[in-house]
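The values are calculated or read from the model by the stated rules, or taken from the named source; none is laboratory data. If you're wondering where the values come from, they're calculated on a predicted model, not measured in any experiment. All Cβ positions, glycine included, derive from the backbone under ideal geometry; neighbour counts span all protein chains shown. Areas reflect the complete protein model, heavy atoms only, side chains present, ligands, DNA and RNA absent. Shrake-Rupley method; radii C 1.70, N 1.55, O 1.52, S 1.80 Å.
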Amino acid sequence: MGRLNFRGMGEGARRWGWRARVWLRRVMPRVAVAAVLLLALRLLFGATPLYGQHVAGRLLGLSTFLVVSLALVYYGARALFWLKRRLLWRVRRRLVITYLFIGLTPIILLGMLGLLAALIGTGQSMSRIVAVQVSTTEREALANARSLADELARLPTATNERAVQSWLDERRALLHPSLPGACVAVWRTPAASGGVSPETLGEGTSAQFASETTDERTRGGGGDTTPVSAPLPEWLRGRAEWSGLAFIPPPEHSRELFASPSVRALVRRTSGGEHRAVLVVVPMSRALVEKFRENAGFNLNLYFLDGRDVDANIGANEVEIQTSRTEAEAAAAASQPGAADPDPQLEAQSNLDQFGEQMTGKRYVVVLPAVNWLDGETDSHISFVLSFTLAEAFRQILGNNELGQVLTRAMLWLAGIFLFLELLALISAAWMTRAVTGTVHKLYRATEYIKRGDFSHRVHVRSHDQLGELAAAFNDMSANIDALLKQRVAFERLEREVEIAAEVQAQLFPRSVPRLPTLEIAGECRAARGVAGDYYDYIEIAEGLVAFALGDVSGKGISASLVMSNLQASLRAQTTIIAERLRLAARTAGAPALASVSASSSGVAGVEASAGEMPCGVTGVDTECAVENMVSSINEQLCRSTDANRFATLFLAIYDDRTRTLRYTNAGHNAPILVRPDGSLERLTEGGTVVGAFDFITYAEERVRLEPGALLVVFSDGISEAQNETGEEYGEERLVRLAVSNRKLSADALRRAVFEEIDLWSGAQERGDDQTVVIVKAKGGGDR
């Protein structure tokens, strides 16, 4: 699978975004006009039956709302973007806003965090205090129940019921200072009585003795009217002692909203031949809540709402009341017999709704585990409501003791220091902003001068900092822009000259391929720098006689291309001379150009050459030295016309179509690859060193026969030395394998295959050298 084109995906998203913006700009004015019309219609006929409860009226109202909302959102967003561009265009404004955010955001966040921590910590502390008060009441109730059970055991067995009741009333009165509203119930039965055990004492039977309070301040809340002497519930069976916070829910069909909470303690004893059970009940009365308030030091109210169970994840302390109470709940909460007297704030609220708002907006609740006295199930219940304000929180934290006063003074000093440091930071930020934006504004004005072409303007900055260095760099830049522009003009002129040189060079390469019955030829050169230093050519000297060459000039670019044109001119001159000599030899011998001629002109008397084999020096097309003489002449020409450091490698060959004979000379070039029909290989290396370097060099010539199906690949080092992304060269071995595996292809098809292979190998790498290849493919058929 190909790679994902993320750039294309980004461009597609931008196009869709542009189309959406164009569509909105075209449609939204019409929507705005429709919104104005619908809004005007609503204002004029809103009270008429047109906007009644029928379907059409509702649809019209909904359409008006949607269209107006859409128009307001769109144009509101555009207004905000416009305001942002106008407001934040100048860097100074951006920095000011940034400093404000940086400076004020931590203050606000720290203040909110501190306030939240104070509120949560104070609420937890206050809730914990209430929980401790209830727990203390439980322990006192249990201790008194044990004491009463022990005293009851010490009463004489002959004590009559009236005396026992008097004793019980006296003991209950003694409990009131510490346990306001405490009630006591006693069960007694002989140990020898059948059917009654200590574990079940009190179940199914009412207490023989009970002492209850009738005071309104000590009476329990809720709608419960169950007397303290009522039989004990079954879930207490087998328990010698039990204490805890319990409640009795209101009757099932009652409209009462609140349960009847109380602290209860039960003690069962057996001694002196008698079973005894003592139950102490301390209802959550007004007097008890007032005692809790006095001990805690803050205002709290009883709020044991039936059915308001709280998940155990809340814990046993507090949760802020978020839901609003109904009018009935508020009224019931205010009139609970067990609720504490309202604080002055609540007394000022005569309206039940306002009382409900006070309860929900400024209250925390205390959640305590409570037992349903009827079935023994334990659950977490909202038990108390704390009157909580910020002043109360600080009072709880700081207090009025010596430590609180020290903390108060420390906080005031820290606040003053913090305020001073914040003002100092803001002043420093303003000064730094002015320093930065002043330089930026000067640079902006300087760019306006540059846009008008005035390169003489300079930015004057006195600061010796990075902004001063930036201004100095800008001045240097403006001073150098003129020179850079002149250099650009010169560079563009040079680029144009290179383009012209490339066009001229393209005319030097062969424009057509000689048509031979036994041979296919294909070639191509790809320049590395606009113009190439490589050269390839194939020239038809005479009918059936073709010369082809491939040269590689040292270096690249224009200088190499000039040497390449000199090489091309020398080769063309040599082939023209040979062609002229062949025509002269043909007219002299009265035979075709390649027929036998006399050798007298060569100075060798009595020597006659057979057809197609002329003595050396007669026409330059003889079997032994035609190609080597051409290379020698080219070498001499280059040595006379170029410097010694300008040389070229050259492979030159002449092919005779009648005999399928290829005569060649390799002057320092990469050895061409000859692939025979059977797949065997031969490298054509015979020749000599490079041309254009030494004028005394001699060259040798060799011949090979191109059988039908043979393949010759001539290439420059730009092919074999092509590098991939890791720097590895393609190498001649890969080229040999490519030629062998694709030898059945035509010459032109193999040329394309070679360059496709090189392009695949190099990938995105830029060409480091000119790449040239000439493919010679021998066709099938017999010799002529």
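Could you list, in sequence order, all residues of the stretch 423-454 that are touching a helix residue (DSSP H, G or I) at 6+ places or on another chain (Cβ under 7 Å), in contact (Cβ under 8 Å) with a residue 40 or more places away in the chain and not aliphatic (A, V, I, L, M)?
Hits for the stretch 423-454 are T433, T437.
Counting only residues that are open to solvent by less than 30 Å² (accessible area, probe 1.4 Å) and under 56 Å from the mean Cα position of the chain (by Cα), which one in the stretch 551-574 is farthest from T689 (Cα to Cα)?
Top of the filtered list is G557.
Scanning the stretch 438-476 for residues that are of a type in the set (F, W, Y) and either open to solvent by 80 Å² or more (accessible area, probe 1.4 Å) or modelled with pLDDT under 75 (or both), which turns out nearest to V96 (Cα to Cα)?
First, the residues of the stretch 438-476 that are of a type in the set (F, W, Y): 444, 449, 455, 474.
Checking which are either open to solvent by 80 Å² or more (accessible area, probe 1.4 Å) or modelled with pLDDT under 75 (or both) leaves us with 444, 455.
Values: Y444: 19, F455: 33 Å.
Here the residue is Y444.
Go through the stretch 566-587 and give me each residue that's modelled with pLDDT under 80 and small (G, A, S).
A585, A586
Does the stretch 761-780 include one or more residues that are in a helix (DSSP H, G or I) and over 30 Å from S633 (Cβ atoms)?
Within the stretch 761-780 (the criterion being in a helix (DSSP H, G or I) and over 30 Å from S633 (Cβ atoms)), the answer is yes, since at least one residue qualifies.
Just give me the residues in the stretch 261-290 being open to solvent by 10 Å² or more (accessible area, probe 1.4 Å) and over 27 Å from L152 (Cβ atoms), in sequence order.
Listed by number, the residues that qualify are R286, E290.
Given the structure, is S166 closer than 27 Å to F384 by Cβ, open to solvent by 30 Å² or more (accessible area, probe 1.4 Å) and small (G, A, S)?
Against the criterion (closer than 27 Å to F384 by Cβ, open to solvent by 30 Å² or more (accessible area, probe 1.4 Å) and small (G, A, S)), S166 does not qualify.
Which is touching a residue at least 60 places away in the same chain (Cβ under 8 Å), farther than 26 Å from E212 by Cα, part of a helix (DSSP H, G or I) and open to solvent by 60 Å² or more (accessible area, probe 1.4 Å), of R146, R128, R139?
Selected residue: R128, the only one of R146, R128, R139 that is touching a residue at least 60 places away in the same chain (Cβ under 8 Å), farther than 26 Å from E212 by Cα, part of a helix (DSSP H, G or I) and open to solvent by 60 Å² or more (accessible area, probe 1.4 Å).
Would you check if there is a residue in the stretch 70-86 being open to solvent by 90 Å² or more (accessible area, probe 1.4 Å), part of a helix (DSSP H, G or I), among the basic types (K, R) and touching a Gly at 6+ places or on another chain (Cβ under 9 Å)?
No, every residue in the stretch 70-86 fails to be open to solvent by 90 Å² or more (accessible area, probe 1.4 Å), part of a helix (DSSP H, G or I), among the basic types (K, R) and touching a Gly at 6+ places or on another chain (Cβ under 9 Å).
Report whether or not P156 is surrounded by fewer than 12 Cβ atoms within 10 Å (Cβ to Cβ) and either modelled with pLDDT of 85 or more or assigned to a helix (DSSP H, G or I) (or both).
Taking the combined requirement at face value, the residue does not satisfy it.
So the check is Cβ under 6 Å with 6+ separation or different chains; which pairs have a first residue in the stretch 196-215 that's touching a residue at least 24 places away in the same chain (Cβ under 8 Å) and within 16 Å of L179 (Cα to Cα) and a second one that's of a type in the set (D, E, K, R) and open to solvent by less than 30 Å² (accessible area, probe 1.4 Å)?
none
For A117, indicate whether it is out of contact with any Leu (no Cβ under 6 Å at 6 or more places or on another chain), assigned to a helix (DSSP H, G or I) and open to solvent by 30 Å² or more (accessible area, probe 1.4 Å).
When the stated conditions are applied, A117 passes them.
Considering the stretch 516-550 alone, what residues qualify as being open to solvent by 30 Å² or more (accessible area, probe 1.4 Å) and either modelled with pLDDT under 80 or under 13 Å from Y655 (Cβ atoms) (or both)?
P517, E520, R529, G530, E540, E543
Could you look through the stretch 256-290, keep only residues that are closer than 14 Å to E212 by Cα and of a type in the set (S, T, Y), and pick out the one that is modelled with the lowest pLDDT?
Taking the candidates together, the pick is S285.
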